[in-house]
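Coordinate-derived values only; no laboratory data. This structure is a prediction, so every number in the text was calculated from the model and none was measured. Here Cβ is always computed from backbone atoms with ideal geometry, including for glycine, and neighbour counts include all displayed protein chains.
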Amino acid sequence: MDSSVSTDISLPLASLRLLVPPLQLITASMWRLLKKRAVEMYWSLADFVSLVMDIVPELLMNRHRTLLILGLRAKYILELWCSEQTVKPECILSYLDKMKLSHSTLVDFTEAEEEEVKTNFLELIQILVKDPEERQDFFKNVFPVEYGPQYDTDLEVLFSEFLSRLTQLLPVPDLEQTVSWLGAESSVMENCLLKLSECTELKSLLQYQKNPEHLDKHVLPSGLGHNILSTLSSIPSLRTGKPTEQPDQPLQGHSDHTDK
């Protein structure tokens, strides 16, 4: 996944929802949160990864899954503790209990190294809770280095791989596939058309995306639809149902019309 964050003019969320599939919108939002270092959302990101990995454990190697989930939760806890000096140890321990529960149920450790990583972090938190001097030294000298830029970069790489493989697992269906999934549910189509008939979000989207340079060249012959033109140009007899003979003349304003 491209690690750069786009600086293009953003579209209103309502318009984005018309253009971008919901899952892609969610994953893009999570990726932006991670790139912005929105640590206050890291616990929620870890919850999402846990949810997906519990259902599809093959999405990542077990080691990478563990490090991503644990890494997000650890950064969340420590950043919360570091930035808010009034946070009570009881609050931190409550997150620790949640971490124990989530990892004991969602992560199947198969390597001693992974178990050691988990155990060591939990022991670190216990030490910091019990010893204020150790805690002060940790947040002053250890935390900015050990949980700094390289730690954040590793989290990005792991999370990027997770999102990329999730996209491979659930690709955006093409038009033909979507039509087949709709089946004969006319109510779905009627609702869609009704919502779009007076949709200001669609107008905003088209206005933003209307650059004709993005379009492919026309591949259909310009003369296609002659039968429609001929039918609409005729005046049928209501009694016989047969069209009235009309002189073979081009329509006024038609591209073939020439002034004499």
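Peptides 58-71, 148-161, 165-178 ranked from most to least packed, by the mean per-residue count of other Cβ atoms within 10 Å: 58-71, 148-161, 165-178.
Given 144, 43, 21, which one lies farthest toward the positive end of the charge dipole of region 21-168, if we put +1 on the Cβ of every Lys and Arg and -1 on the Cβ of every Asp and Glu? The residue sitting farthest along the positive end of the dipole is 21. Placing +1 on each Lys and Arg Cβ and -1 on each Asp and Glu Cβ, with no other charges, gives region 21-168 a dipole about its Cα centre of roughly 580 debye.
Tell me, what are the semi-axes, in whole angstrom and largest first, of the equivalent ellipsoid of region 21-168 as set by the roots of 5 times the Cα gyration tensor eigenvalues?
Each semi-axis is √(5λ); the values are 26, 18, 14 Å.
Using 1/(1 + (r/R0)^6) with R0 = 41 angstrom and r between the beta carbons of residue 16 and residue 154, what's the FRET efficiency to the nearest 0.05? Efficiency at R0 = 41 Å is approximately 0.85. Among 29-35, 16-22, sorting by the average number of other beta carbon atoms lying within 10 angstrom of each residue, highest first, gives 29-35, 16-22.
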